[in-house]
């Protein structure tokens, strides 16, 4: 689970960011001052910082500069109400990895966060085949059967199942699955994952209402639980 530090002094924006990021399965910590975030980072680590530019006391620019001078390479996405090119370039020159201008779309912000975090993720080794219970899957030929009968999986369902099968038992957040299976530019919302999981369950589970293999971890995401080999 990726950890995200939010530093934003507008209570409504901060609350919205925390709620949305938590829903997508991230571990979120939030502060409304840059100096508080800086102190927290001295004894904690984050995978990404969502950093407002205009903050009381130390600005987001100042914190970004100090972190980079200290050798802290944590990904930084800056939030700014300024639309001038100079301000955007300044943030990037100071070491920020991306920026979003207020007011922003939550979907766009989540997409940019996924894109940044993707840079840090090692490529997972995707399986070519999968066999469990009475199900046989060939991901290269796009063939899947249950009791010898075709499951009729769509390409996205194959992709979703293959991604989950790359690390059986590991929980994948909706954001991770969207990023890896759909690509962040091509989705309407994270409900896309929920809908495809529901359809996939209807094809591979004996009782989709009480899934045995494709399991929901509430508030986190999904995992593929495979039976132990006898």
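With each label modelled as a point 7 angstrom along the Cα→C-beta vector, the residue 36-residue 216 pair spans 3.4 nm.
In the chain, the DSSP beta bridges split such that about 45 percent are antiparallel, to the nearest 5.
Helix 155-165 sits at what angle to the longest principal axis of the chain, using alpha carbons and giving 0 to 90 degrees rounded to 10? Roughly 80 degrees, rounded to the nearest 10. Each Cα pair under 8 Å and six or more residues apart adds its separation to the average, and for the chain the resulting relative contact order is 15 percent.
Over the range 129-224, the ratio between the Cα radius of gyration and 2.2 N^0.38 Å evaluates to 1.01.
Taking each DSSP H run with n ≥ 4 as -39500 (n - 2.57) and averaging over every residue of the chain yields -10500 deg cm²/dmol at 222 nm.
Here the contact order of the range 3-118, divided by its residue count and restricted to Cα pairs under 8 Å and six or more residues apart, works out to 22 percent. With just the Cα atoms defining each centre, how far is the range 89-103 from the range 1-59? Give it in Å. So the two Cα centres are separated by 16 Å. For P(r) over Cα pairs in 10 Å bins from 0, in percent, which listed value, (i) 7, 29, 34, 20, 7, 2, 0; (ii) 7, 30, 28, 18, 12, 5, 0; (iii) 9, 37, 38, 14, 2, 0, comes from the coordinates shown? Calculated P(r) over Cα pairs in 10 Å bins from 0, in percent: the matching label is (ii).
Dividing the radius of gyration of the alpha carbons in the range 3-118 by their Kirkwood radius gives 0.92 for Rg/Rh.
Each reported figure results from applying straightforward, stated rules to the coordinates on display, with no laboratory input. Predicted model only: the values in this text are computed from it and were never measured. Methodologically, a virtual Cβ is constructed for each residue, glycine included, from the backbone with ideal geometry; neighbour enumeration extends over all protein chains shown.
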